[in-house]
Amino acid sequence: MRVSIGSDHAGFEQKQALVDYLVGKGYDVIDRGPDNDDRVDYPDYAAPVAHDVADGVAERGVLVCGTGIGMAMAADKVPGVRAANIINSEFAALCREHNDANVITLSGRFVPLEENERILDTFFATDFGGGRHAGRVQKIMELD
Ligand code: RB5
């Protein structure tokens, strides 16, 4: 699976560690930056990752900022993206099963790296449930 990943300065340290984690697990990772922890604006890094997913360059996107909230707001503006800000594994499973989320946004300041690794494991391992959820997701996409 090809994964596009980015962060801001608040998520930089975890983003670097998560790139190594995902590469170690065999994922094909596109790192959209930044390449240092200088202060940046998170929408500038949400945009390329969101477009990678919307354009089919990557199957999934991962974004890390202080909370994950701003990254989710920015990424979800790109048509075709369903971004979810996730802080535990249960929600990681549900955002895939019920919402078919294709971008996950993480907190680099409030969630430890080991928990974000578990969250990503769940996010990538869980399929969309379809069925009664399919029409609801379709209605979300009609809002694009
Ligand atoms: C940066 O200070 C912080 O606002 C950003 O990383 C993120 O948490 C925004 O949602």
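Quick notes on this structure:
- Using a probe of 1.4 Å on the protein chains alone, the accessible area found for Met1 is around 80 Å².
- DSSP-loop trypsin sites (Lys or Arg not before Pro) across segment 1-94, with at most 15 other Cβ within 10 angstrom: Lys25, Arg39, Lys77
- Where the chain is the region considered: accessible area per residue in Å², 1.4 Å probe: 49
- Solvent-accessible area, 1.4 Å probe, carbon plus sulfur percent, for segment 22-144: 50
- Mean separation of Cα contacts under 8 Å (6+ apart) over length of segment 33-107, as relative contact order %: 34
- 0 to 90° range, to nearest 10: angle between helix 43-54 axis and the chain longest Cα axis: 40
The values are calculated or read from the model by the stated rules, or taken from the named source; none is laboratory data. Bear in mind that the values here come from a model prediction, so they are computed numbers and not experimental data. Using ideal geometry, Cβ is built from the backbone for each residue, glycine included, and neighbour counts are taken over all protein chains shown. We work out accessible area using only protein heavy atoms, side chains counted, and drop any ligands, DNA or RNA first. Shrake-Rupley method; radii C 1.70, N 1.55, O 1.52, S 1.80 Å.
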